[in-house]
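Peer 1: Below you'll find the structure I mean.
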Amino acid sequence: MTDVTGAHADVLHTLFRSEQGGHEQVVLCQDRASGLKAVIAIHSTALGPALGGTRFYPYASEQEAVADALNLARGMSYKNAMAGLDHGGGKAVIIGDPELVKSEELLLAYGRCVASLGGRYVTACDVGTYVADMDVVARECRWTTGRSPENGGAGDSSVLTAFGVYQGMRASAQHLWGDPTLRGRRVGVAGVGKVGHHLVGHLLDEGAEVVVTDVREEAVDRVVAAHPAVRRAADTDALIRTEGLDIYAPCALGGALNDDTVPVLTAGVVCGAANNQLAHPGVEKDLADRGILYAPDYVVNAGGVIQVADELHGFDFDRCKAKAAKIFDTTLGIFARAKADGIPPAAAADRIAEQRMAEARAAHTR
């Protein structure tokens, strides 16, 4: 079922012609008093209530916002399934520049919109939204995670996201080189923001050599000031061409693996925190054809969603970290399935996630 309020023809076209189809529900929210325009997409509730963050971004059109929500919601279904969570996938996007239009009134209106779904969708932070924002949303909606500890939440989820990516890297090293240690490995991290700078810490603690870049020079300055051993790359293009690079970690926006970057990658492994790293279908095969091992993004970056899901049951950091540590075994399992089936790891991860969702749907019909 799809709920659409006030949709234009181009938005409806996106909904019904989307290559990412199969969504259970899509809701367009509007509050004229606060200026809220938002899209909530629920891809699947087979495993439980849909869980996914709220992205606040200045989309060029409503159609672009809907397309992003659909794509991200579908990704969350797969991420939550592979993380072993009893949650389906959903995502919300708020249209607008958060630096210009975000307000308490708008966030409260958004909270009411989420609450109107009666728990089918549980929200959290994403690009453009933060812990303080979720504290405001939670005043109108009890199905809100990613709140501050002062308001009953777990706080910043980037710590466990980075830890999970680190576990994915260790699993990649085990599979490719026969040893999970990253000592002496050269790792390039593209994007050293909320997650990337924590990841750098894990790598240095294990003795890896780290090269970083970020579109924000101040982010690189902060990392280098804290860790003088870290090297700078001029930009992402220079980073992926770095001689002797063992692992490339995309930790910024999506689409990092595309027709321009894959042919020039020097790393033997790609494992990073960014969502939707594969720019289009077929890139996973291009990586495999070049002998580059790809750790599926939605598997290795699941530490954050593990944390926010745990918040619904009374947050315990040690319990969450133990769950995030299992990303090591999950990633190894994906590589083994890929080898057995003769397919790229991204396809293997999809098959495993789809199997779990299908089994849950079948159980509901018995």
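The values are calculated or read from the model by the stated rules, or taken from the named source; none is laboratory data. Only a predicted model underlies this, so the values are computations on that prediction, with no experimental measurement involved. Cβ placement follows ideal geometry from the backbone for every residue including glycine, while neighbour counts extend to all protein chains displayed. In case anyone asks, the SASA skips ligands and DNA or RNA and just uses the protein heavy atoms, side chains included. Shrake-Rupley method; radii C 1.70, N 1.55, O 1.52, S 1.80 Å.
Peer 1: Please list, in chain and number order, the residues 5+ apart from SER103 or on another chain whose amide H is under 5 Å from its amide H, with Hs placed from the backbone.
Peer 2: So SER103 has HN proximity to no qualifying residue.
Peer 1: Tilt of helix 217-226 relative to the longest C-alpha principal axis of the chain, in degrees (0 to 90, nearest 10)?
Peer 2: 60 degrees
Peer 1: Now a separate question. When ligands, DNA and RNA are left out and all protein chains stay put, how many square angstrom of accessible area per residue does region 127-184 have with a 1.4 Å probe?
Peer 2: So region 127-184 comes to 41 Å² accessible per residue, rounded to a whole number.
Peer 1: Okay, moving on. Treat each spin label as a single point 7 Å out from the Cα along the C-beta direction, and report the VAL101 to LYS285 distance in nm.
Peer 2: Rounded to a tenth, the inter-label distance reads 4.0 nm.
Peer 1: Using amide H atoms built in the peptide plane, which far-off residues or other-chain residues are under 5 Å from CYS29 H to H?
Peer 2: Distant-sequence amide H within range of CYS29: ALA38, VAL39, ILE40.
Peer 1: Another one. Kindly provide the trypsin sites (Lys or Arg not before Pro) of region 281-361 that DSSP labels as loop, not H, G, I, E or B, and whose Cβ sees at most 14 other Cβ atoms within 10 Å.
Peer 2: Taking region 281-361 and a limit of 14 other Cβ atoms within 10 Å, the loop trypsin sites (Lys or Arg not before Pro) found are ARG290.
Peer 1: Helix 196-205 sits at what angle to the longest principal axis of the chain, using alpha carbons and giving 0 to 90 degrees rounded to 10?
Peer 2: Here the helix axis deviates by roughly 30 degrees.
Peer 1: Hey, another quick one. Leaving out ligands and nucleic acids, and using a 1.4 Å probe, what accessible area per residue does region 274-366 come to in Å²?
Peer 2: 47 Å²
Peer 1: Leaving ligands, DNA and RNA out of it, report the carbon-plus-sulfur percent of the accessible area of the chain at a 1.4 Å probe.
Peer 2: The value for the chain is 50 percent carbon and sulfur by accessible area.
Peer 1: Amide H of GLU209: which non-local residues (sequence gap of 5 or more, or other chain) have their own amide H closer than 5 Å, using H built in the peptide plane?
Peer 2: Sorted by chain and number, the residues that satisfy this are GLY184, ARG185, ARG186, VAL187.
Peer 1: Then there's this: Would you mind checking the tilt of helix 62-82 against the longest principal axis of the Cα atoms of the chain, expressed as 0 to 90 degrees and rounded to 10?
Peer 2: 60 degrees
Peer 1: To continue, here is another question. Restrict the search to region 201-260; then list the trypsin sites (Lys or Arg not before Pro) that DSSP places in a loop and that have at most 16 other Cβ atoms within 10 Å of their Cβ.
Peer 2: ARG216, ARG241
Peer 1: Using a probe radius of 1.4 Å on heavy atoms only, what accessible surface per residue do you get for region 34-113? Whole Å² is fine.
Peer 2: Per-residue value: 30 Å².
Peer 1: For a quick check of your reading of the filter: which GluC sites (Glu not before Pro) in region 207-274 sit in a DSSP loop and have no more than 16 other Cβ atoms within 10 Å?
Peer 2: GLU243
Peer 1: For region 149-241, what does the alpha-carbon gyration tensor say about shape, rounded, prolate or oblate, given a ≥ b ≥ c as the root eigenvalues, a/c under 1.5 as rounded, and a/b over b/c as prolate?
Peer 2: oblate
Peer 1: Per the Cauchy relation, a quarter of the hull surface: what is the mean projected area of the convex hull of the alpha carbons in the chain, in nm²?
Peer 2: Average projection, Cα convex hull of the chain: 18.0 nm².
Peer 1: Determine how large the accessible area of GLU150 is when every protein chain is in place; take a 1.4 Å probe and give Å² rounded to the nearest 10.
Peer 2: 150 Å²
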